[in-house]
Structures are given as structure tokens and as C-alpha cells.
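The values are calculated or read from the model by the stated rules, or taken from the named source; none is laboratory data. None of these values were measured; they are calculated from a predicted model. Here the Cβ positions follow ideal geometry from the backbone for every residue, glycine too, while neighbour counts run over all protein chains shown. Ligands, DNA and RNA are stripped out before the accessible areas are found, and what is left, the full protein with its side chains, is counted by its heavy atoms. Shrake-Rupley method; radii C 1.70, N 1.55, O 1.52, S 1.80 Å.
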Amino acid sequence: MAKRVKKKSILRRIIKWLIALVILGILGILFYYVWFPMLKASVTITYDTYQATIGSISNSLSFSGSVNIVSSEYLSAPDSGTVRDIYVKSGDNVKKGDRLMRLSTGDTIKASFDGTINSINVEAGDSVSNGAQLCQVVDFSNMKVTMRVDEYDISEVFEGQECTVTVTALEKSFPASISHINRLSASSGSVAYYTVTASVEVTEDVLPGMQVTVSIPKEEARDVVVLKMDALSFDAFNSAFVYVMNENGEMEQRYVEVGVDNGNYTEIKNGLKDGETVYVETEEEVTASGGLQDLLSGLMGGTQVNRPDSFNQRSGGMGGNFNSSPGTGDFGGNNQRGNMR
């Protein structure tokens with residue numbers, strides 16, 4: 001009799017465990033097929049927006065350098081004598097052949113090139129010996145910029161190449177051209193560097209030794225459709241595409257052909273028109289927090305997903321002012337290189 005009671009007790013326990021497992025299985029099925037999809041449907045999709053516009057875009061190589069004098073001369077006394085007359089003062093601009101001083105020996109000191117009197121070392125009446133330095137003439141207009149270009153970029157630099165010199169302290173830019181390339185390298189670590197010289201005509205406020213940036217253009221596209229690169233996506237084959245909204249208010253993927261880029265903006269050759277808006281999904285925010293009431297609402301068909309017609313949009317991309325006429329933008333870029341790679 002005791003054995004029968006024990007067997008019934010074990011059977012009851014097995015039945016209870018089976019019932020519990022069935023209930024857990026039903027709850028798992030409900031969660032996977034009903035509650036989990038409903039929770040996913042409670043996600044709010046947030047988008048950044050970018051607008052295509054008409055503008056010009058370019059990229060360039062950029063190097064650091066400094067301003068140096070090209071023409072400088074100390075004029076000396078050809079013989080011993082006395083300084084009779086001085087016709088100029090420090091800071092005067094002179095032309096080639098202008099008289100600067102006259103000595104008691106009858107010698108006249110003249111400028112050998114156009115420039116500025118940088119210093120006068122004597123006064124009228126002073127006695128001078130043969131070879132004594134009398135004054136210095138410097139050409140502060142026609143200067144040169146020296147810079148170091150590493151072995152990775154030197155193949156893209158050539159004599160006569162147009163470039164732009166920007167004086168850092170003055171925030172002024174001047175057109176220039178590459179005048180010389182020293183093809184004997186100076187190594188720094190494992191990288192070879194080459195000294196490159198650019199000739200530039202500057203204003204009188206640009207002084208020797210000032211630091212500059214030299215920009216050498218590589219590619220340029222003018223009056224084209226331009227888009228911020230953050231708006232682009234790429235597929236497994238590295239083909240660029242964007243997301244746009246169709247007439248039905250639905251998001252669709254559209255492939256685009258890209259051209260010149262500067263690392264920030266890119267030219268769009270095909271696929272977008274001026275003024276079109278591009279969308280980029282940025283984040284997902286879980287908003288389902290109503291507990292059992294939301295779950296029951298989901299089971300009753302009350303689930304809703306925020307889609308393109310009710311986007312939480314955040315402006316992105318084309319914000320900012322561009323120095324150009326209305327409706328256009330100039331987007332310049334460079335690859336900055338200094339003395340270390």
C-alpha cells in the first residue's frame with residue numbers, strides 16, 4: 001500500500017513538472033511571436049537630414065613652410081675714404097641704379113636691384129675703410145617659401161606648378177608657383193624629405209621668417225552637385241548610395257556616382273539633384289515602457305511604428321556659411337602634412 005502511495009506521489013510531481021514546462025513553452029512562444037515583435041515595433045527611428053546643393057569642390061596637398069628672402073645685398077666701400085653724402089634713409093624703396101651714397105674718393109654707391117633700404121651703417125662724415133659695409137638693400141616683395149615634401153607626395157609636385165601661399169599670422173593668401181625642387185633627399189627617420197621652393201610676390205607686411213601654408217591643388221569640380229560625405233552609405237561592393245523619401249512617404253535606397261571629394265564633402269555626378277534631401281538613420285530609442293497595458297494593447301492590434309511620415313528629423317550636413325553667391329558653396333580641402341609623417 002505504501003508503494004502505491006509513493007508511486008502516485010511521484011506521478012503527481014512528474015505531471016506538475018510537465019504542466020510547468022508546457023506553460024513555460026507557451027509563454028516562450030508568446031514572447032517570441034507576440035510580445036517581442038511588439039516591443040521591436042515600439043522603437044522610434046531618428047534621422048539626420050542632409051541637402052544636396054550646387055557648389056565647387058577641390059582638394060589639395062598642403063605643406064608647412066616659411067618665408068625667406070631671395071635678393072639681399074650689403075653695399076661696401078670700394079676704397080678707403082669719407083662718406084660725403086647719403087641720399088636715402090632706412091625704409092626707403094629704391095630702384096636699380098638709384099644713387100645711395102657718395103664717397104670722398106668720388107665713388108658713388110648705387111642699388112643693383114629694386115628693393116628697400118633695410119639698414120644704413122654709416123653717417124655723413126664717417127671715415128670708412130676699403131670693404132666696409134655701408135648699407136643693406138633687400139627685396140621684400142619677391143620672396144620665396146621653402147618647405148619639405150616627403151617621398152610619398154614628391155611625385156605630385158613639379159616646377160612651374162601653381163600653388164597658394166597663406167601667411168598664418170596675417171591670414172593672407174598669395175598666388176605662387178613652384179620654382180625649384182632639390183632632388184637630394186634629407187631623411188627623417190625612415191622617410192625621405194625633399195626641399196621644395198615656391199616663388200611668391202607679397203605685400204610689405206609679410207616679413208622673412210613668417211610661417212606659411214602652401215596648398216597645391218590636385219582636383220577641382222566647379223558648379224556641381226555637392227553633398228556632405230556623412231550622408232553616404234556603401235554596400236558590400238563599396239558602391240555609394242543614399243536614402244531618400246519617395247512620393248508615398250516611404251524611404252528608398254538610391255545609388256549615386258561620386259566624383260571629387262575633400263574628405264568632408266563630395267561631388268555627386270549622378271543620382272541626386274540640387275535641393276534634394278537625404279536621410280541617414282542615426283539611432284534607435286526604445287519607447288515601450290507601459291508594461292502589461294502596452295503588451296495587452298499590442299495584442300489587441302494597437303501597435304504603431306514611427307515611419308517616414310512622422311520622422312523625428314535632426315538637421316545635419318549642410319549647415320554653415322559659404323563664401324559664395326546665394327545657392328552655391330565653395331568646398332575646399334587638403335591633406336595637411338608637416339615635418340613628421
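Restricting attention to the stretch 55-91 and to residues that are modelled with pLDDT of 95 or more, under 37 Å from the mean Cα position of the chain (by Cα) and of a type in the set (A, V, I, L, M), the residue that is nearest to residue 245 (Cα to Cα) turns out to be 67.
Answer yes or no as to whether residue 187 is over 26 Å from residue 70 (Cβ atoms), assigned to a helix (DSSP H, G or I) and free of Cβ contacts under 8 Å to residues at least 24 places away in the same chain. Criteria not met by residue 187. In this structure, does residue 70 turn out to be open to solvent by 60 Å² or more (accessible area, probe 1.4 Å), among the hydrophobic types (A, V, I, L, M, F, W, C) and under 30 Å from residue 174 (Cβ atoms)? Yes; evaluated as a whole, the condition is true for this residue. Of all residues in the stretch 92-108, those satisfying the criterion of being more than 52 Å from the chain's Cα centre (by Cα) and not basic (Lys, Arg) are 101, 103, 104, 105, 106, 107, 108.
Exactly one residue among 139, 114, 92, 153 is charged (D, E, K, R), touching a residue at least 60 places away in the same chain (Cβ under 8 Å) and within 20 Å of residue 70 (Cα to Cα), and that residue is 139.
Meeting the requirement of 3 or more residues that are of a type in the set (Ser, Thr, Tyr), the strands (runs of 3 or more DSSP E) wholly within the stretch 61-135 are 72-76. Cβ separations smaller than 8 Å between residues 6+ apart or across chains give the following pairs from the stretch 248-265 residues that are in contact (Cβ under 8 Å) with a residue 24 or more places away in the chain and within 27 Å of residue 223 (Cβ to Cβ) to residues that are open to solvent by less than 20 Å² (accessible area, probe 1.4 Å) and among the hydroxyl-bearing types (Ser, Thr, Tyr): 258/266; 259/266; 260/266. The set of residues in the stretch 202-230 that are assigned to a loop (DSSP other than H, G, I, E, B) and either on the phi > 0 side of the Ramachandran plot or among the charged types (D, E, K, R) (or both) comprises 204, 205, 209.
Taking the stretch 172-201 as the region of interest, how many residues are small (Gly, Ala, Ser) and under 15 Å from residue 216 (Cβ atoms)? Within the stretch 172-201, residues that are small (Gly, Ala, Ser) and under 15 Å from residue 216 (Cβ atoms) number 6.
If you go through the stretch 94-118 and pick out every residue that is under 14 Å from residue 136 (Cα atoms) and open to solvent by 30 Å² or more (accessible area, probe 1.4 Å), you end up with 9. Among the residues making up the stretch 182-239, those that are among the hydroxyl-bearing types (Ser, Thr, Tyr), farther than 30 Å from residue 257 by Cβ and open to solvent by less than 40 Å² (accessible area, probe 1.4 Å) are 188, 193, 197, 213. Residue count for the stretch 69-103 satisfying the condition of being small (Gly, Ala, Ser) and within 20 Å of residue 128 (Cβ to Cβ): 5.
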